[in-house]
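The values are calculated or read from the model by the stated rules, or taken from the named source; none is laboratory data. These numbers were taken from a predicted model, which means no experiment stands behind them. Don't worry about glycine lacking a Cβ; one is built from the backbone with ideal geometry, like all the others, and counts go over all protein chains shown. Just the protein is used for accessible areas: all its heavy atoms, side chains included, with ligands, DNA and RNA removed. Shrake-Rupley method; radii C 1.70, N 1.55, O 1.52, S 1.80 Å.
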Amino acid sequence: MPATETALRKTALNALHRSLKAKMVDFGGWDMPVEYAGVSAEHMAVRTGVGLFDVSHMGDIQLRGPQSLDAVQKFSMNDASKLQIGQAQYSAMLYPQGTFVDDIIVHKLSDNDYLIVINAGTREKDHQWIRQQAQPFKCHVSDYSDHYTQLAIQGPRAAEVLQKLTDLPLSEIKNYWFRWGKVCGLYNVMVARTGYTGEDGFEIYIPSDEATSVRVWNEIMEAGREFGIQPCGLGARNTLRLESAMALYGHEISDTINVYEANLGRYAKLDKGVDFTGAEALRKVQEGGGPDRRLVGLEMIDRGIARDGYPLFDADGKQIGEVVSGSPAPFLKKNIALAYLPTAFADVSTPREVYVGIRGTMVKALTTPTPFYKRAKAATTAPTATPSLS
Amino acid sequence: MSYPDTYRYTREHEWIHVENGVGTVGITDHAQSTLGDIVFVEAPKVGASVEKSKVFGSVESVKAVSDLYAPASGEVTSVNDELATAPESLNTDPHGAWIMRIQLSSPAEIDGLLSAADYEKFVSEETGH
């Protein structure tokens, strides 16, 4: 299908991925690597060593101007007034009915200057939404998505690898903080201790020309060689985020799922002093006794793998919900899933049996607390299992 | 990896090797490569009947689940139990690791399957390289 292939968007590293014999897929209109050595090997590299991801398909929207904080406070449910310069924050943008436009990471670059990192598949929609929401405020909205190649270096050895290539004291950058510094000879590179793997790691933002992007990629690969660094594709990105129970747009969150259903209420600051878009609807959900359904973790007991969209049944055969993400978990060596179920199932202090309809067969699963995987806390930093972006 | 000349192939990427009226069935190198890390194989039970071009089981990788289509009709005489504990052998040895053996009920069906050369051509046209 050459016609559609040419229409796909490409990152600056597209030719490099192909030269590495990556399997490529259409991901939200982007021609992206899904795997190089294999999902399991890449997943394990990130859990036990280090992996490198091209995440340049993510979008980067900047808001500048005297009322940029007011604009962010309007479309972002978390409280951006709490941010210090150099700090990042997980949040989401909501529709008036309290459902998701997208989840985002808000970075405070300086007073009156914020960078919003958004998902690839929702880039245009998010950009228009931010523009519209920011309209009443004195601030300028710029889409810098195509200006950056974004690389994610993830895993317990990520800091050691990146430290070889930068004069920034990485141990001083705490989880969900960032700094600018020299990386691979490039000045003013933004280095954020963020990621989407449930592991320690960094995301760096470099100029998006192919020569620079390829050079930096190769220097990171070389620096990581002693730790067995693996190039990682979207396949491992998905299994890693699922083990860590982080949301993916179109699965755990969407325009028909609200914040409390998705268990992300702790990031919705109803008392921040600004009525953000969607706040009123969320208050009504709270006043009405909370949501009827909730996102719940499942572990397969019987043989079988729950996949996205599979129905869930109770012991009487009544359909009670649906799987939104499901996969083998390569590190945990279990088959896990996230599913929407009636709120009664969300109390994981008492694991409950449910049945996954796998191609006509009822396969037993047990509700289980999430995240499925939580990394051991490092001595120098105190990372929390903060969800991030796809 | 080359495709054995003694096997015949389906457009759904299964192979069958027929000896004395018994067909040994597996998936092709192309199939395992497309699926990636295989973690689970659902095979039929011994004694079950399978019908040409109908689903007889499934194979699951980390990424996805894929149906298996019978290259020919017949009765299942044995299944490869080793795949229950070592499904990854479908990745490492796709043309050796078999899934089931069937007693062919209509041996002439085999003539309608692809030869190794035709299958290779089919795969290269399908993937565009």
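With contacts defined as alpha carbon pairs under 8 Å and 6 or more residues apart, what's the relative contact order of chain A in percent?
19
Would you calculate the separation in nanometres between label points at residue A:124 and residue A:348, each defined as 7 Å from the Cα along the Cα-to-beta-carbon direction?
3.7
Once amide H atoms are placed 1.01 Å from N in the peptide plane, what residues at a sequence separation of 5 or more from residue A:324, or on another chain, have their amide H within under 5 Å of its amide H?
Those qualifying (amide H under 5 Å, at least 5 residues apart or on another chain) are A:309, A:338, A:339, A:340.
Accessible area per residue of region A:292-381 at 1.4 Å probe, in Å²?
48
Quick one: 3J(HN,Hα) in Hz for region A:260-271, Karplus 6.51/-1.76/1.60 with θ = phi - 60°, rounded, Gly and Pro as x.
6, 4, 7, 6, 10, x, 5, 9, 9, 9, 5, 9
What is the calculated FRET efficiency for residue A:48 to residue B:106, with r their C-beta to C-beta distance and R₀ = 56 Å, to the nearest 0.05?
Once rounded, the FRET efficiency stands at 0.65.
Using the Karplus curve 6.51 cos²θ - 1.76 cosθ + 1.60 with θ = phi - 60°, what ³J(HN,Hα) values do you get for each residue of region A:281-293, in whole Hz, with x for Gly and Pro?
Values per residue, Gly and Pro as x: 5, 5, 4, 5, 4, 4, 5, x, x, x, x, 7, 10 Hz.
Rounded, prolate or oblate for chain B? Axes are the square roots of the Cα gyration tensor eigenvalues, ordered a ≥ b ≥ c, and the cut-off for rounded is a/c under 1.5.
oblate
Can you list the trypsin sites (Lys or Arg not before Pro) in region A:241-294 that are in a DSSP coil and have 16 or fewer other beta carbons within 10 angstrom?
Those that pass, being in a loop and sparsely packed, number zero.
Less than 30 Å apart at the alpha-carbon level, and either on another chain or at least 8 residues along: which lysines does that give for residue A:377?
In chain and number order, the partners are A:82, A:108, A:164, A:174, A:182, A:269, A:272, A:333, A:334, B:63.
Could you do me a favour and compute the accessible area per residue for region B:8-121, 1.4 Å probe, result in Å²?
43
Can you give me the long-range amide H partners of residue A:293? Hydrogens built in the peptide plane at 1.01 Å from N, cutoff under 5 Å, separation of 5 or more residues or another chain.
A:343
Quick one: grab the alpha carbon gyration tensor of region A:191-331, order the square roots of its eigenvalues as a ≥ b ≥ c, and give me rounded if a/c is under 1.5, else prolate or oblate depending on whether a/b is larger than b/c.
Note, shape of region A:191-331 comes out oblate.
May I ask you to give the percent of accessible area on region A:159-221 that is carbon plus sulfur, with a probe radius of 1.4 Å?
Roughly 52 percent of what the probe reaches on region A:159-221 is carbon or sulfur.
Which whole-Hz couplings ³J(HN,Hα) result when phi for each residue of region B:104-121 is put into the Karplus expression 6.51 cos²θ - 1.76 cosθ + 1.60, θ = phi - 60°, listed in order with x for Gly and Pro?
5, 8, 9, x, 5, 4, 4, 4, x, 8, 7, 6, 4, 5, 5, 5, 4, 5
Using the Cα gyration tensor of chain A, with a ≥ b ≥ c the square roots of its eigenvalues, what is the shape: rounded (a/c below 1.5), prolate (a/b larger than b/c) or oblate (neither)? Walk me through the numbers before you get to the answer.
Working: a/c = 1.64, a/b = 1.16, b/c = 1.41.
It is oblate, given that a/c is not under 1.5 and a/b is not larger than b/c.
List the accessible area buried at the contact between B and A, summed over both sides and calculated with a 1.4 Å probe, in Å² to the nearest 100. Present the calculation step by step, with values, prior to reporting the outcome.
Values: alone 6700 and 16180 Å², together 21660 Å².
Between B and A, the summed buried area is about 1200 Å².
Could you give the longest part of chain B that holds none of the trypsin sites (Lys or Arg not before Pro) found in DSSP loops with at most 14 neighbouring Cβ atoms within 10 Å?
B:55-129
Per residue of B:61-71, how many C-beta atoms from partner chains lie within 10 Å of its own C-beta, taken as a mean?
Per residue, the average neighbour count from other chains is 4.
In terms of modelled amide H atoms, which long-range or inter-chain residues lie less than 5 Å from the amide H of residue A:362?
none
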